[in-house]
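What follows is calculated from the coordinates using simple rules that are stated; it is not laboratory data. This is a predicted model, so every value here is computed, not measured. Methodologically, a virtual Cβ is constructed for each residue, glycine included, from the backbone with ideal geometry; neighbour enumeration extends over all protein chains shown.
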Amino acid sequence: MDKSTFETKPVINGPMHVSLKHDSAHKHVTGSAEYIDDIPEPIGTLHGGLGLADRAHAEILSVDLEAVKAAPGVVWVITAADIPGENDVAATGQHDEPLLATDLVQFHGQLIFAVIAETRDQARRAAKLAKIEYRDLPHFTDVDSARENGAKLVCEPMTLLRGEPETEIEKPPLRIQASMKIGGQEHFYLESHIALAIPGEDDDVTVWSSTQHPSEVQHMVAHVLGTASHAVEVKTRRMGGGFGGKETQGNQFAALAAVAAKKLKRAVKFRPDRDEDMSITGKRHDFRVDYDVAFDEEGRIHALDAVYAARCGYSADLSGPVTDRALFHADSSYFYPHVKLKSEPLKTHTVSNTAFRGFGGPQGMLGAERIIEDIAYAVGKDPLEIRKLNFYGQPGSGRTTTPYHQEVEDNVIARVVEELEASSDYQARRQAILDFNENSPVIRKGIALTPVKFGISFTMTAYNQAGALVHVYNDGSIHLNHGGTEMGQGLYTKVAQVVAEAFQVDIDRVKITATTTGKVPNTSATAASSGSDLNGMAAYDACRQIKERLVDFACRQWKVDKSEVEFLPNRLRIGSEIVPFDTFVRAAYYDRVQLSAAGFYKTPKIHWDRKAGRGHPFYYFAYGASVSEVSIDTLTGEYLVDRTDILHDVGKSLNPIIDIGQVEGAFVQGMGWLTTEELWWDAKGRLRTHAPSTYKIPLASDRPKIFNVKLAEWSENAEPTIGRSKAVGEPPFMLAFSVLEAISMAVASIADYSVCPRLDAPATPERVLMAVERLKNMS
Amino acid sequence: MNSAIRFILNGEDVTLGGFAPTETLLDYLRLKRRLTGTKEGCAEGDCGACTVLVGRLSETGLRYESVNACIRLMGSLHGTHIVTIEHLAAEDGKLHPVQQAMVDCHGSQCGFCTPGFVMSLYGLWLSNSEPSRQDIEITLQGNLCRCTGYEPILKAAEQVARERPSALFDPIERDRTEIMAKLWSIRSEADTVIVEKDGDRSIVPASLEDLAEILAAEPKATIVAGATDVGLWVTKQMRRLDPVVFINHLSELQSISIEPDGITIGAGVSYAEAQGFLEATIPALGQLIDRIGGQQVRNMGTIGGNIANGSPIGDSPPPLIALGTQLTLRSHSGRRVMPLEHYFIAYGKQDRLPGEFVEKIFVPHPTEDSHFSVYKISKRRDEDISALCGAFYLMLDGEGHVETIRIAFGGMAATPKRATHVEAALTGQPWSWGVIAAVRDLFDEDFQPLTDWRATAEYRSLTAKNLLTRFFLETAGAPTELRRFELEEA
């Protein structure tokens, strides 16, 4: 027996609720973390190039690929006719997304063919040589032109209705009808999409895919190959960022690689260039929110009627659930006594928009914050006062029912806001800013405090399930696998903490392994902030099963009662005996105890009836609030974020430092969405902001100069989630609203705060200057 | 004549021939050497995931600079030391302090950008043991991170700055003398290098005279200094280039000198090298440099290249025109000198004859008591291309009337261009708000800007007028500009 295992440490390394570094941190900083393009290529690996349409909407009259085929290094050219199974990669089963276009082009950049060549460079060059004739059709690339031209909807819209908005909206003394335009957003994961397919015998193919949803890639590859899912294994160790952009969008690259790999019996890799990636994969939906709100002189909302129109692109993809989530969050933190909300998922001749952190929630919530702001300027108060006046109440207040008829039972928004208002010294700073603006002709300042309430669960109830596979080897080492994917958010680390905690072993005993469809089947996308809630619980369930067998074994072998078996750090107490974990495990093995288990979890309580617009779609809510202070230049519209304070609720954090990283990163990403990140299509329907030279995400020098971020340490999830933690991926994204609204206040100073500037997003320097001009002309 | 270039890659001496003139350092590292720690994020020099350090001999000794491997062409690496992420940790696996600080401060999430950040921070760590937050932000302008929000990375940079555990743990400090000797020995072979693959040639001239002769023989050659523009022709447009003549190593083009009447800047001087000189002499121009590209681009890109390529949105031409800069073009048959503004004829067309190259520029010292300002307006403050860039040079006479005014704009026309109508209307007039207000609209006579993804025509026009207002307010002593850091903090 090795004496070193007789450690009598009081606690293990890496339990739940402690700050632990990312499991791959050491590999990240040395460049040894393998992303798919870093995996040694099998001998003879071929490379794919993409043949893209250069029309936004057109019939394809002819496709001449002779020059492509004759180009140096070209091995094969794939067209729709070469696809053995279905020529379709529609994520939600609508059959509206051909892998390769045949007769009709519906967005600029749509895939028409793919080239397979000996090198990536040869494939890229060859792909440029196609001669394609088109007959142009009219194209509509944005919400307004789609509406004006009677564009179709890509899926069934949704309506949420509570109370009697149609009659009640006439009653209050004050009413505003206005609209807000909200731009989309490119994910800009640093690692572009990539897939490497390695053919096997029979129908088999293994695909390494940079995806948040290996099971979907598996099913889609099988569907395109015309084979069963059991022939396809999809693996993902890590992504270089995902943010929702790799939920469905990786399907096409994986499918093309698999088709070519099976046909050519060689490994095939597809790695689009950044420009291609940005042009041909979906983004956050742009929205136009039209609202009609009635309220009293105090600023209390009585009734709201609003429509949320979205640029969905040419196909449905996830636009249904995205626009649904916009409606689910159109209340933000506010109680609407009478409300009607309607979605309008418009078809446009642009790339099909998709999931992006917040998944429609940010757009819905931003609309609500604009309504609050509009009311505040109308009644001449600080928007924060209007917010507080309209917050959901505590149970029993009669102000707890959402537009989807779920009760808000765990409401902590008032406490979060109150604490932040005090800790950020909001009131004094606001007064100082009002004073400053009076004496500053060119530079103006603004400050705003905005709340976040975000519903946690997939609104598609079936997705709220997860599996995990845990093996304890007979040397006491542990192999962990689950359906969640690692895209930087620290999920693997958190779930490993759960396992370490469950067995009471040091975390370095737990081997984190690549997500693969071969170990845990039928998984959901790592999305909707659900990763640690679902996979943490599934892993815990697997551990529980193994522990129960181990305890039974201990009772048999040591002839003790269950209550006398205790898992201590790296050892067990069995009766009066202390046994090292690995010794104990080996003994269990010799006694033929099964040391492996598949864990499973499904979220309780939730249900949703979309047609009726009623149910309990969310297991719980995550809360937060932020205060931002900005300065703007009224001659150019440029601005700086001077300071941001955040208080965010993650329940009882599984790993506080990782959660703070999520909060800070989400805030800055949200700030980018609302400020400098602008998607711009030209008259031909071409996206012209398709690379970092033209699409500007925040830099280090854009983050708030003073940035105070805190977790609400007192918080515990009211529901029995893993360790009473809360999801953290998406909710903090919306903390960035305070930046937009602070800019808005600075602009409003031009007209002495008498007019809501109605700044659309993103508030580029141009939009800010134009808003300044508008207000100058009004005053 | 040699048919191979020589360089040092991490700890290895390399002699390399047979590569295409368009071969990038990134592809060489990843595909040929399987050094996969260096990542491709954008292949256009904007995201920094491919950042490596390149050490080269300069007047100040062996100088290590962060560069974008994705747009760095192999031919430009003759006589350099390339340092990649794989070279940092000790052989026993112990992390370099810069790496350890990134781990300790939780500076990585997805990790894809991380090697690039580590290399940029390493470059800073080598050169600055007391960086301010501003220094760190400037260093990181060319590195995008989409996960962390940057805060932990800044903390890592601050934490590690003064950490120097011993003399031998750092690979660059440890081998500096030896590396320098090797690079000197490469440089001392004064031979032209011509590397050929499939008939396409990279040419590395041995001297300025050699360059002039090569260009006389190859008037269609592509001249490459920093490759921050040409690199994109390669990675994005997949252009075939032959021959490519590399000039970044030519010491004759790298001189910068302050003379009694002005500053002479060689065409091969990088932004980074020029910055110190400019800050000392024309502060407004020196400060503009921080707004051009990221640090990696400023280390590679040259003011000469920014002029030579004739872009309407280059940031250096407007201030240089407003300052009255003279341009010297050279060929094997001699030199031509012209006012810089005359060089720009039309979009994509410059007054450069076959065989000519930009040799140097001469920037006259602004007259004492003159006012000079330059304003760059972009969607994102740093590492962005101008929506417009306006430069104003003003000299008043004893009466407070405008004696000389030169206003030049980029982003407002097909070339960098002066606002001649506005200038004419102001000349001889009192420098007063009334006059400014009256002439503002004449910008519409001078410029009919375009709408594109960077800005609309309306915004460009209005902002140009407002910049004149700003310039006026500044000459009147009113502070009007947003500053993230106060000047004294810099």
Net charge near B:Leu57 (other residues with Cβ under 10 Å of its Cβ; Lys, Arg +1; Asp, Glu -1) is +2
Helix B:114-127 sits at what angle to the longest principal axis of chain B, using alpha carbons and giving 0 to 90 degrees rounded to 10?
80 degrees
At most 14 other Cβ within 10 Å, DSSP loop - trypsin sites (Lys or Arg not before Pro), the range B:230-308
B:Arg239, B:Arg240
The answer for the per residue Cα convex hull volume of chain B, in Å³, is 146 Å³
With a point put 7 Å past each Cα toward its Cβ, work out how far B:Thr404 is from B:Glu486 in nm, to one decimal.
3.5 nm
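How much FRET efficiency would the formula 1/(1 + (r/R0)^6) give for A:Arg688 and A:Lys152, where r is the Cβ-Cβ distance and R0 is 25 Å, rounded to 0.05? Please list the in-between numbers first.
Numbers: r = 26 Å, r/R0 = 1.03.
Result of the calculation: an efficiency of 0.45.
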Cα→Cβ-extended label distance, 7 Å offset, between A:Glu713 and A:His607, nm:
4.2 nm
Run the paramagnetic zone check for A:Glu34: 7 angstrom along Cα to Cβ, then residues of the range B:27-70 with backbone nitrogen under 20 Å.
B:29-40
Taking Cα atoms only, helix B:171-188 is inclined relative to the longest principal axis of chain B by an angle, in degrees rounded to 10, of 80 degrees
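Show me the ranking of peptides A:321-332, B:169-180, B:135-146 by mean Cβ neighbours inside 10 Å, starting with the highest.
Sorting A:321-332, B:169-180, B:135-146 by mean packing, highest first, produces A:321-332, B:135-146, B:169-180.
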Send over the per residue convex hull volume for the range B:373-475, Cα only, as a whole number of Å³.
87 Å³
Taking the Cβ of A:Ile60 as the center, what net charge do the other residues with Cβ under 14 Å away carry, scoring Lys and Arg +1 and Asp and Glu -1?
-3
Would you mind giving the mean number of other chain beta-carbons within 10 Å of the Cβ of each residue in A:14-27, as a whole number?
3
Need the full-extension length gain, B:Glu59 to B:Glu130, defined as separation in residues times 0.36 nm minus the C-alpha distance. One decimal, nm.
23.2 nm
Over chain A, what is the relative contact order in whole percent, taking alpha-carbon pairs under 8 Å and six or more residues apart?
15 percent
Using 0.36 nm per residue, how much length does the chain from B:Val14 to B:Glu209 gain when fully extended, once their Cα-Cα distance is taken away?
67.5 nm
Rounded, prolate or oblate (a/c below 1.5 giving rounded, otherwise prolate when a/b exceeds b/c) for the protein assembly as shown by Cα gyration tensor
oblate
For peptide A:625-638, the mean count of other chain Cβ atoms within 10 Å per residue Cβ is 4
Determine how many Å³ per residue the convex hull of the Cα atoms of the range A:374-465 encloses.
166 Å³
What FRET efficiency would be calculated for the residue pair B:Asn2, B:Lys197, taking the C-beta separation as r and a Förster radius of 22 Å, to the nearest 0.05?
0.90
Run the helix sum for chain B: -39,500 (n - 2.57) per DSSP H stretch of 4+ residues, divided by residue count, reported at 222 nm to the nearest 500 deg cm²/dmol.
-8500 deg cm²/dmol
Mind listing the Cα extents of the range A:526-611 along all three principal axes, in Å, largest one first?
59, 24, 22
Per the 1/(1 + (r/R0)^6) rule, R0 = 51 Å and r from the Cβ atoms of B:Asn309 and A:Thr400, FRET efficiency to 0.05 is 0.20
Where nothing but the Cβ of Lys and Arg (+1) and of Asp and Glu (-1) is charged, how large is the charge dipole of the range A:13-162 around its Cα centre, in debye to the nearest 20?
360 debye
Could you give the nm distance between label points at B:Thr469 and A:Gln594, where each point is 7 Å from its Cα heading toward the beta carbon?
7.7 nm
Helix B:271-281: inclination vs chain B longest Cα principal axis, degrees, rounded to 10, gives 40 degrees
For A:Ala101, residues with placed amide H under 5 Å, excluding near neighbours:
A:Leu111, A:Ile112
Which cross-chain or sequence-distant (5 or more) residues have an amide H under 5 Å from the amide H of A:Arg614, H modelled 1.01 Å from N in plane?
A:Asp609
Given 0.36 nm per residue, what is the gain on full extension from A:Lys381 to A:Lys128 after removing their alpha carbon distance, in nm?
85.2 nm
As a test of the formula, what do you get for chain A when each DSSP H run with n ≥ 4 contributes -39,500 (n - 2.57) and the sum is divided by the residue count, at 222 nm and rounded to the nearest 500 deg cm²/dmol?
-8500 deg cm²/dmol
Run through the range A:512-575 and list the trypsin sites (Lys or Arg not before Pro) located in a DSSP loop whose Cβ has at most 10 other Cβ atoms within 10 Å.
A:Lys559
Using the Karplus equation 6.51 cos²θ - 1.76 cosθ + 1.60 (θ = phi - 60°), what ³J(HN,Hα) coupling, rounded to whole Hz, does each residue of the range A:532-547 give in order, writing x for Gly and Pro?
7, 4, 7, 6, x, 5, 5, 5, 4, 5, 5, 4, 4, 4, 5, 4
